[in-house]
Amino acid sequence: MDDDRHDREALVREHYDAPPELFSCFLDSWMNYSAAFFPEPAMTLEQAQESKMEAYASWLLAGPQSKILDVGCGWGSLALYLALHRGADVTGLTLSPNQAQYGMNRAKEEGMDSLVRTMVRPFLEYPLDNESWDGISFIGSIVHMEERQEIMKRVAQALRPGGRLVISETYLPDHAGEGLNTRASHFILRDIFGYSHATTLSEELQAMENAGLRVLRVENSTADYVRTLEEWLIRLRRTRDTVESVQSGAYRDLRRYLELGRASFRYGTMLQYEIVAERPRAVKRSNSGK
């Protein structure tokens, strides 16, 4: 494996491999570590995260026995939701052994371990047969991967015709990459997450199109992420003592990360987008010659 990529992955793993009990202090009961969707302002965080996962299920066209690959699966929230509510067969990939074990334990508790498996494996090392997946998702994870053209090419080859790709990610504004040049962005993308390769939305879409994927949907969810970060901050402040008992010094860093993140999205130095693309179906040609 490429040594440089191995080093980047080790930096990312450090954050996500922290004890799950630390993150449960401020996340919802599903353990979603990405933007919730708040179609109704009065929604709780729990309701908004379920609204988000239901949207992803629909965008992925997930159904009974659909074969879905969730790259950067975290603690298995989306994988478990797709199995429980859609009957999908889901494989989750993570760099964190703690996340993988947590996800498998939760699936077993819910009686879904026949449909859900989580494993520690980088996406670029996971074997993908051509036209073997109905859906592939990157929810808050592709930002940690530098080789976007290679990734999109693998996705396009692995999806069956009509198969869907769903990405939820943070992007930089198009103007002069200003989002990377702030102390807040550096703290979040490097100090907290270890390594991130933030890019612009246009660069991401170009990589998809270069790989032969057809973009179906692009939605700005920045306001939803601001609300999500506010909800996380409220929960974090309420559980300060518990956070410190799990990991000394974690409260200070997490509070700063969430406060800076909220400010960055609020003022537009970072943006959040949802992207849906598909591998086009083959066009049937007439034999009439017309």
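The values are calculated or read from the model by the stated rules, or taken from the named source; none is laboratory data. Since the model is a prediction, treat every value here as computed from it, not as a measurement. All Cβ positions, even for glycine, are placed from backbone atoms using ideal geometry, and neighbour counts span all protein chains on display.
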If you go through the range 1-29 one residue at a time, how many are buried (at least 19 other Cβ atoms within 10 Å of the Cβ), in a loop (DSSP other than H, G, I, E, B) and of a type in the set (A, V, I, L, M, F, W, C)?
3
If we only count helices (runs of 4 or more DSSP H) wholly inside the range 195-290, which ones have 1 or more residues that are at pLDDT 90 or above and under 16 Å from the mean Cα position of the chain (by Cα)?
201-210, 222-238
Collect the residues in the range 227-249 that are crowded, with 19+ Cβ neighbours inside 10 Å and not charged (D, E, K, R), keeping them in residue-number order.
T228, L229, W232, L236, V243
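Only strands (runs of 3 or more DSSP E) wholly contained in the range 78-140 count here; list those with 3 or more residues that are under 15 Å from R154 (Cα atoms).
Working: elements: 89-94, 116-120, 133-139.
Output list reads 133-139.
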Report, by residue number, each residue of the range 124-139 that is in contact with a helix residue (DSSP H, G or I) (Cβ under 8 Å, 6 or more places away or on another chain) and surrounded by fewer than 22 Cβ atoms within 10 Å (Cβ to Cβ).
L124, L128, D129, N130, E131, S132
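Would you check if A62 is in contact (Cβ under 8 Å) with a residue 60 or more places away in the chain and more than 25 Å from L236 (Cα to Cα)?
Numbers: in contact (Cβ under 8 Å) with a residue 60 or more places away in the chain: yes; more than 25 Å from L236 (Cα to Cα): yes.
Yes.
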The range 26-47: number of residues that are closer than 18 Å to L236 by Cα and touching a residue at least 24 places away in the same chain (Cβ under 8 Å):
10
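What number of residues within the range 141-173 are over 23 Å from A198 (Cβ atoms) and part of a strand (DSSP E or B)? I'd like the intermediate steps shown before the answer.
Here is the first cut: in the range 141-173, the ones over 23 Å from A198 (Cβ atoms) are 157-164.
Then drop every residue that is not part of a strand (DSSP E or B), which leaves 159-164.
Of the residues in the range 141-173, 6 are over 23 Å from A198 (Cβ atoms) and part of a strand (DSSP E or B).
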Out of all the residues in the range 243-258, which are closer than 14 Å to S24 by Cβ and out of contact with any Leu (no Cβ under 9 Å at 6 or more places or on another chain)?
S245
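From the residues in the range 261-270 that are surrounded by fewer than 21 Cβ atoms within 10 Å (Cβ to Cβ), touching a residue at least 40 places away in the same chain (Cβ under 8 Å) and of a type outside the set (K, R), which one is farthest from Y16 (Cα to Cα)? First the steps, then the outcome.
First, the residues of the range 261-270 that are surrounded by fewer than 21 Cβ atoms within 10 Å (Cβ to Cβ): 262-263, 266-269.
Subset that is touching a residue at least 40 places away in the same chain (Cβ under 8 Å): 263, 266, 268-269.
Narrowing further to those that are of a type outside the set (K, R): 263, 268-269.
Numbers: A263: 23, G268: 26, T269: 24 Å.
Across the range 261-270, the extreme among qualifying residues is G268.
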Can you list residue pairs whose Cβ atoms sit under 7 Å apart, with the first residue in the range 235-259 being under 28 Å from T269 (Cβ atoms) and the second being among the hydroxyl-bearing types (S, T, Y) and not in a loop (DSSP other than H, G, I, E, B)? Count only pairs 6 or more apart in sequence or on different chains.
R240/Y251; V243/Y251
Do any residues in the range 119-136 that are of a type in the set (S, T, N, Q) have Cβ atoms under 8 Å from those of residues that are part of a strand (DSSP E or B), where the two are at least six apart or on different chains, and which pairs are they?
S132/K67; S132/R160
